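Novice: Provided herewith is a single structure, encoded as structure tokens, for subsequent inquiry.
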Amino acid sequence: MIDFRSDTVTQPTAAMRRAMADAQVGDDVYGDDPSVNRLEAMAAERYGFDSALFTSSGTQANLLALMSHCERGDEYLCGQQAHNYKFEGGGAAVLGSIQPQPLTNQADGSILLADIEAAIKPDDFHFARTRLLSLENTIGGKVLPQSYLAEAQALAFNKRLKIHLDGARIANAAVAQNLDIADITQYFDSVSICLSKGLCAPVGSLLLGDERLINKARRWRKMLGGGMRQAGILAVAGEIALNEQVSRLAVDHENARYLAEQLSSLDEFEVDLGEVQTNMLFARVAEGVAIDKLAESLKASGILISPGKTLRLVTHADIGREDIDLFIDKLKALL
Ligand SMILES: *Cc1c(COP(=O)(O)O)cnc(C)c1O
């Protein structure tokens, strides 16, 4: 299958599978798993934090961050399009009694600083207590400018808010700008990173923060059923993800651009090439194109897409140029 639905579909690399077979493991709930401990220590050190926590998913890492920064009756500010508002089942509200305050995302994915400032509630018992600003980078495949991150950090500091980054695809943001991941994490009190998307690990995310925050998050993780035992078998793949898969993302970005150009040449699709910054593109589908039917026919020839009025296509390690050419040829034939 050539799968354009998401970068979550990537298979673990051969090096990961070998490392997983040979992983030294222990009971991580006792703190005894040397491979988990090594991954957490390495990530904390490399990205400029006291501590890190290996989690079962990005959703769990974000939820732990929200529940560790905020108490019952607090609120976090985030984008209307934020994954940790829109796509995580309302977990902060359901499990943390934390109120989201979503704000409009601009076309570039940012939230206007003026909107953030205006949304901060006064210290008055009518209101939830505004505690946290949560940003996302990349967001919808777009990279938030470093200057914006610096301004958001300054605003959060001045208003006594903490600032969290949903960095599920922070490695894509770093590679797209020729930066280190640490150049992005420096602006935040906490960051979540997915190891299982473009970086190819089979399972897992990391939450980075100071010692107090991570200790709290570790407690919540146990309560949520996320205390894993011989998790080192996963952590070794995560370590390879961070060590060996980051720079490779540049290829995914080039392929996304190539795919966008090819798709733009078809009358039935419209792509704003300026918006294709990393491994994701959004194509508007012309009226009259039966996109659900098209998706079914593509599936019959081994190509998977998520149909929609706007088509989201994602490039990743298991998609090469020749797969893109094949997809475009099939599309032309079917249209
Ligand atoms: C995928 C994703 C997550 C959640 O990761 P899961 O491991 O699927 O729970 C969080 N934030 C963003 C921006 C994502 O793309």
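Novice: Looking at the chain, what % of its DSSP beta bridges pair antiparallel, to the nearest 5?
Specialist: Details: 19 of 39 bridges.
Among the beta bridges of the chain, antiparallel pairing accounts for roughly 50 percent.
Novice: Positive end of the charge dipole of the chain (Lys, Arg +1 and Asp, Glu -1 on Cβ, about the Cα centre): tell me which of CYS194, HIS83, ASN37 has its Cα farthest that way.
Specialist: Ranked along the dipole, the leading option is ASN37.
Novice: Can you work out ³J(HN,Hα) from phi for every residue in the stretch 320-325, in order, using Karplus 6.51 cos²θ - 1.76 cosθ + 1.60 and θ = phi - 60°, giving whole Hz and x for Gly and Pro?
Specialist: Ordered by residue, 3J(HN,Hα) equals x, 3, 5, 5, 5, 4 Hz.
Novice: Students sometimes get this wrong: rank MET280, MET223, MET228 by accessible area, probe 1.4 Å, all chains present, largest first. Before the final figure, lay out the partial values.
Specialist: On the way: MET280 5, MET223 130, MET228 45 Å².
Descending order: MET223, MET228, MET280.
Novice: Quick one: ranking THR138, THR13, THR59 by accessible area, 1.4 Å probe, largest first, what do you get? Walk me through the numbers before you get to the answer.
Specialist: On the way: THR138 10, THR13 35, THR59 55 Å².
Per-residue accessible area, sorted high to low, gives THR59, THR13, THR138.
Novice: Around ILE139, which amide H atoms from residues at least 5 apart in sequence, or from another chain, sit under 5 Å from its own amide H, with H modelled in the peptide plane?
Specialist: For ILE139, the qualifying residues are LEU144.
Novice: Next question. What percent do you get for the relative contact order of the chain when only Cα pairs under 8 Å and 6+ apart count? List each step's numbers first, then the result.
Specialist: Working: 662 pairs, mean separation 83.4, N = 335.
Relative CO of the chain lands at 25 percent.
Novice: What angle, in degrees between 0 and 90 and rounded to the nearest 10, separates the Cα long axis of helix 34-47 from the longest principal axis of the Cα atoms of the chain?
Specialist: Once rounded, one gets 90 degrees.
Novice: Counting only chymotrypsin sites (Phe, Trp or Tyr not before Pro) that are in a DSSP loop and have at most 15 other C-beta atoms within 10 Å, tell me the longest site-free stretch of the chain.
Specialist: Working: sites that count: PHE87, PHE125, PHE127.
With chymotrypsin sites (Phe, Trp or Tyr not before Pro) excluded where exposed in loops, the chain gives 128-335 as its longest stretch.
Novice: Here is a follow-up. Which loop trypsin sites (Lys or Arg not before Pro) in the stretch 128-205, with loop taken from DSSP, have no more than 16 other Cβ atoms within 10 angstrom of their Cβ? List each step's numbers first, then the result.
Specialist: Numbers: sites: ARG129, ARG131, LYS142, LYS159, ARG160, LYS162, ARG169, LYS197; in loops: LYS159, ARG160, ARG169, LYS197.
Counting only loop positions with at most 16 other Cβ atoms within 10 Å, the trypsin sites (Lys or Arg not before Pro) in the stretch 128-205 are LYS159, ARG160.
Novice: Taking a point 7 angstrom from the Cα of LYS121 along the C-beta vector, which residues in the stretch 81-101 have backbone N less than 16 Å away?
Specialist: It comes to 92-94, 96-101, nothing else.
Novice: Placing +1 at every Lys and Arg Cβ and -1 at every Asp and Glu Cβ, with all other atoms neutral, what dipole size does the chain have around its Cα centre, in debye to the nearest 20?
Specialist: On the way: 33 positive and 45 negative charges, 162 e Å.
For this selection, approximately 780 debye.
Novice: Turning to a different aspect of this structure: Under 1.5 on a/c is rounded, so check that first for the stretch 7-244, then, if it is not, pick prolate when a/b is larger than b/c and oblate when it is not; a ≥ b ≥ c are the square roots of the alpha carbon gyration tensor eigenvalues. Each step should come with its number before you reach the end.
Specialist: Working: a/c = 2.04, a/b = 1.48, b/c = 1.38.
Since a/c reaches 1.5 and a/b is larger than b/c, the shape of the stretch 7-244 is classed as prolate.
Novice: Taking 7 Å along the Cα-to-C-beta vector as the label spot, tell me the LEU273-ALA150 distance in nanometres, rounded to one decimal.
Specialist: The answer from the label model is 3.1 nm.
Novice: Could you give the angle, 0 to 90 degrees to the nearest 10, between helix 211-223's Cα long axis and the longest principal axis of the Cα atoms of the chain?
Specialist: Here the helix axis deviates by roughly 70 degrees.
Novice: Can you list residues from other chains, or at least 5 along the same chain, whose modelled amide H is less than 5 Å from the amide H of LEU304?
Specialist: For LEU304, the qualifying residues are ILE2, ASP3, PHE4.
Novice: What does the accessible area per residue of the chain come to in Å², with a 1.4 Å probe and no ligands, DNA or RNA counted? Write down the numbers at each step before the final one.
Specialist: Working: 14960 Å² over 335 residues.
I get 45 Å² per residue for the chain.
Novice: Largest first, how would ILE319, ILE233 line up by accessible area (1.4 Å probe)? Write out the running numbers ahead of the final one.
Specialist: On the way: ILE319 5, ILE233 80 Å².
Ranking ILE319, ILE233 by accessible area, largest first, yields ILE233, ILE319.
Novice: Oh, and also: From the helices alone, meaning DSSP H stretches of at least four residues, give me the mean residue ellipticity at 222 nm for the chain, per-run term -39500 (n - 2.57), in deg cm²/dmol to the nearest 500. Spell out each step's value before the answer.
Specialist: Numbers: 14 runs with 143 residues, N = 335.
Calculated from helices alone, the mean residue ellipticity at 222 nm is -12500 deg cm²/dmol.
Novice: Just to be sure I understand the model, the point goes 7 Å from the Cα along the line to the Cβ. What's the resulting ARG212 to LYS86 distance in nm?
Specialist: My value for the distance between the label points is 3.4 nm.
Novice: Report the accessible area of ARG229, computed with a 1.4 Å probe over the heavy atoms of all protein chains in place, in Å² rounded to the nearest 10.
Specialist: 110 Å²
Novice: Specify the angular offset, from 0 to 90 degrees and rounded to the nearest 10, of the alpha carbon long axis of helix 249-264 from the longest principal axis of the alpha carbons in the chain.
Specialist: On a 0 to 90 degree scale, this one is about 40.
The values are calculated or read from the model by the stated rules, or taken from the named source; none is laboratory data. Since the structure is predicted, the reported quantities are computational estimates derived from the model, not experimental observations. When we count neighbours, we look across all protein chains shown, and the Cβ atoms used for this are built from the backbone with ideal geometry, even at glycine. Heads up: the accessible areas ignore ligands, DNA and RNA and are worked out on the full protein's heavy atoms, side chains in. Shrake-Rupley method; radii C 1.70, N 1.55, O 1.52, S 1.80 Å.
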